[in-house]
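Colleague: Below are the structure tokens for one structure; questions will follow.
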Amino acid sequence: MRGTLWGVGLGPGDPELVTVKAARVIGQADVIAYHSARHGRSIARGIAEPYLRDGQIEEHLVYPVTTETTDHPGGYAGAIEDFYREAAERIAAHLDAGRDVALLAEGDPLFYSSYMHMHTRLTERFDAVIVPGVTSVSAASAATGIPLVQGDEVLTILPGTLPSDELRRRLADTDAAVILKLGRSYPVVREALSAADRLDGAFYVERASTPAQRVLPAGEADADAVPYFSIAMLPGGHRRPPLPAGVAVVGLGPGDPDWLTPQSRRELAAATDLIGYAPYLDRVRPRADQRRHPSDNTDEPARARLACELAQQGRAVAVVSSGDPGVFAMATAVVEEAKQWPGVEVRVIPAMTAAQAVASRVGAPLGHDYAVVSLSDRLKPWDVIEKRLAAAAAADLVLAIYNPASKSRTWQVGAARDLLLRHRDADTPVVIGRDVAGPEERITVVRLADLDPADVDMRCLLIVGSSQTQWYRDDSHGDDSGDRVFTPRRYPT
């Protein structure tokens with residue numbers, strides 16, 4: 001009969017924070033296994049000591065290296081891999097002999113723990129049971145006496161070993177954060193907190209829940225004396241420095257929340273007022289203290305005027321646009337209106353536009369020179385649109401066509417098709433992208449001669465190939481995504 005591997009979480013350091021179940025398992029196990037550095041002092045064993053009993057076998061697993069260099073032929077990674085393999089075999093020998101093994105882990109066994117390296121190596125052969133433990137995150141929060149997160153705030157947990165730029169990006173894009181694995185990484189962590197304007201609200205917590213516990217403002221910790229078992233904590237509710245009064249015209253991208261940039265998220269989160277076409281505003285989760293100003297899609301001048309009025313009153317205003325705000329969207333209206341409002345600052349926050357999104361679904365149709373044209377004749381006469389289409393077609397440019405049709409504009413697609421056929425082969429591929437990244441996304445590719453206006457509505461974007469654009473089918477995916485369209489970057493001489 002084989003033994004059972006117990007992954008036992010010991011909590012953050014205080015033996016009284018060991019759970020009742022963990023204490024029972026420790027006391028009943030035949031073998032107690034624990035890690036330590038080469039100095040031999042195991043924090044895990046020290047926490048568990050009150051619950052050990054006489055006669056238990058102890059397996060002391062000593063790391064060959066921690067942060068120092070090694071002469072192992074495989075370097076640090078090779079030395080650690082050999083250690084984990086040998087340690088797993090030592091534990092496996094006890095399990096094969098029918099002995100239950102309690103492998104001790106500070107905090108929780110499955111939360112940045114050494115236990116996981118043994119778990120992945122042993123659970124294919126042996127049964128394993130996890131006893132969860134109180135994490136250092138909870139202990140650090142308790143040490144500050146400040147709520148970590150409340151309501152719908154988002155908590156991000158980060159390893160301090162990330163590069164400074166990556167830490168800064170993630171810190172700027174979350175409500176609350178905990179940074180683990182400090183030690184020699186702390187100067188980088190502090191730099192990232194400062195660069196994200198979050199240092200003033202952050203705490204440094206050292207050896208939480210132990211007699212050596214210390215809590216300091218994160219900016220006051222001595223970077224040269226930070227131990228590995230310490231945490232930088234940014235509680236939720238910490239107000240970032242307010243944005244200056246003004247107008248930010250923010251691009252939401254084509255629809256997929258994953259395509260919203262961190263900068264756009266920050267602008268939206270920090271604004272006092274949100275202005276936009278109602279369906280676009282519905283894509284933004286407001287704070288309780290933000291004011292929303294929805295309007296109809298035809299009210300661009302009125303939206304721009306309201307934004308400037310509020311900004312002049314000292315408000316931080318975000319005007320939202322689908323896609324990129326500078327491509328047939330709200331940036332032009334706001335910048336134009338701002339000429340009448342001296343002192344009102346306008347910032348344009350870029351985003352992915354619909355042409356890029358549609359192109360990505362079929363490959364690379366915009367891989368060479370291309371032109372962007374709107375078929376809407378609400379703001380410019382049709383004869384201007386015709387001249388521009390003809391000029392772009394004569395120049396053999398790929399065309400990205402925005403606003404091809406609407407409920408009141410039903411003939412323009414057919415007229416554009418007929419004009420383009422004077423310059424393009426009938427087999428020229430046309431990509432029809434509808435509601436890209438939305439719930440009703442549909443991508444089709446047709447011959448230019450087969451472009452049916454009935455298949456195009458206001459939620460579509462068209463990409464019309466040049467003479468060099470190629471179209472082929474790849475059915476290896478087994479679904480309807482087999483159309484591949486690309487325009488080579490090299491043009492024939």
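Colleague: Per residue and in cubic angstrom, what volume does the convex hull of the Cα atoms of segment 245-359 have?
Modeller: Residue-normalised Cα hull volume stands at 87 Å³.
Colleague: Sort 328, 83 by accessible area with a 1.4 Å probe, largest first.
Modeller: 328, 83
Colleague: Another question about this same structure. With point charges of +1 on the Cβ of Lys and Arg and -1 on the Cβ of Asp and Glu, referenced to the Cα centre of segment 169-270, which listed residue (182, 248, 263) lies farthest in the positive direction of the dipole?
Modeller: The listed residue farthest towards the positive side: 182.
Colleague: So, taking all protein chains as they sit and a 1.4 Å probe, how much accessible area belongs to residue 339, in Å² rounded to tens?
Modeller: Its accessible surface works out to 150 Å², give or take rounding.
Colleague: From the Cα trace of the chain, what convex hull volume per residue do you get, rounded to a whole Å³? All intermediate terms of the calculation are to be shown ahead of the outcome.
Modeller: Details: hull volume 109.0 nm³, N = 493.
Output value, Cα hull per residue: 221 Å³.
Colleague: While we're here: Taking H placed 1.01 Å from N in the peptide plane, check which residues at least 5 places from residue 352 or on another chain put their amide H under 5 Å from its amide H.
Modeller: Long-range HN contacts for residue 352: 253.
Colleague: Shifting gears a bit: Considering only 231, 128, 203, whose Cα is most displaced toward the positive end of the charge dipole of segment 103-242, charges sitting on Cβ of Lys, Arg (+1) and Asp, Glu (-1)?
Modeller: My answer, from the dipole projection, is 128.
Colleague: If you count only protein heavy atoms and use a 1.4 Å probe, how large is the accessible surface of residue 432, to the nearest 10 Å²?
Modeller: The value for residue 432 is about 10 Å².
Colleague: Can you give the helix-only mean residue ellipticity at 222 nm for the chain, where every DSSP H stretch with n ≥ 4 adds -39500 (n - 2.57) and the sum goes over all residues, rounded to the nearest 500 deg cm²/dmol?
Modeller: Helix contribution divided over all residues of the chain: -8500 deg cm²/dmol.
Colleague: Using a 1.4 angstrom probe on the protein heavy atoms only, line up 298, 493, 69, 210 by accessible area, largest first.
Modeller: Numbers: 298 85, 493 180, 69 130, 210 40 Å².
Correct descending sequence by accessible area is 493, 69, 298, 210.
Colleague: Given DSSP loops and a limit of at most 10 other Cβ atoms within 10 Å, what is the longest stretch of the chain that contains no such GluC sites (Glu not before Pro)?
Modeller: The longest uninterrupted stretch comes out as 125-439.
Colleague: About the Cα centre of the chain, how large is the charge dipole given +1 on each Lys and Arg Cβ and -1 on each Asp and Glu Cβ? Please answer in debye to the nearest 20. Before the final figure, lay out the partial values.
Modeller: Details: 53 positive and 66 negative charges, 163 e Å.
The dipole of the chain has a size of about 780 debye.
Colleague: What does the accessible area of residue 175 come to, in Å² to the nearest 10, when a probe of 1.4 Å is used?
Modeller: Surface open to solvent at residue 175 totals about 50 Å².
Colleague: Would you please put 451-463, 268-280 in order of how densely packed they are, using the mean number of other Cβ atoms within 10 angstrom per residue and starting with the highest?
Modeller: Details: 451-463: 18.5, 268-280: 20.2.
The packing order, highest mean first, is 268-280, 451-463.
Colleague: Rank these by accessible area, largest first, 1.4 Å probe: 388, 409.
Modeller: 388, 409
The values are calculated or read from the model by the stated rules, or taken from the named source; none is laboratory data. Please read all numbers here as calculations on a predicted model, not as lab measurements. Every residue, glycine as well, gets a Cβ built from its backbone with ideal geometry; the counts of neighbours run over all protein chains shown. Just so you know, the surface numbers come from the protein's heavy atoms only, side chains and all, with ligands and any DNA or RNA stripped out. Shrake-Rupley method; radii C 1.70, N 1.55, O 1.52, S 1.80 Å.
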